[in-house]
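Take a look at the structure set out below.
What follows draws every value from the coordinates through simple rules; no lab data is involved. Remember, predicted model here, so these are calculated numbers, not experimental data. No Cβ is skipped: glycine too gets one built from the backbone with ideal geometry, and neighbour counts run over all protein chains shown.
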């Protein structure tokens, strides 16, 4: 009997289920909305972080997974959006926030965590709204 290694590797890499990802999404919203106060962000950095938290809340509410409320955005599309956002956040760290040490470091780390979460989330498995 021959066992394929590719599906096994994919399953091991994608260990965050849609249900767990939904919980993480709401925790991320709380983290983003608290970050300006916790880290002392002001001005554009604070405004951007609050806006990102609000947009992420909207994405989470509109996603068709167990944590979603309205369920209009397919979970794989949610993943694509998060991938793009992760890349953009790292780019912004080196452009818009380059002169603000705390903001630059925050968005390098946060963008990297978004990309790592994207990498290990199973966006194709168990996408039912249950």
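Of note:
- Which numbered condition residue 120 misses (of (1) in contact (Cβ under 8 Å) with a residue 12 or more places away in the chain; (2) under 14 Å from the mean Cα position of the chain (by Cα); (3) surrounded by 15 or more Cβ atoms within 10 Å (Cβ to Cβ)): (3)
- Selection of the stretch 68-85 for residues being farther than 17 Å from residue 17 by Cβ and part of a helix (DSSP H, G or I) yields 77, 80, 81, 83, 84, 85.
- Checklist (1) closer than 17 Å to residue 125 by Cα; (2) in contact with a helix residue (DSSP H, G or I) (Cβ under 9 Å, 6 or more places away or on another chain) applied to residue 57, failing item: (1)
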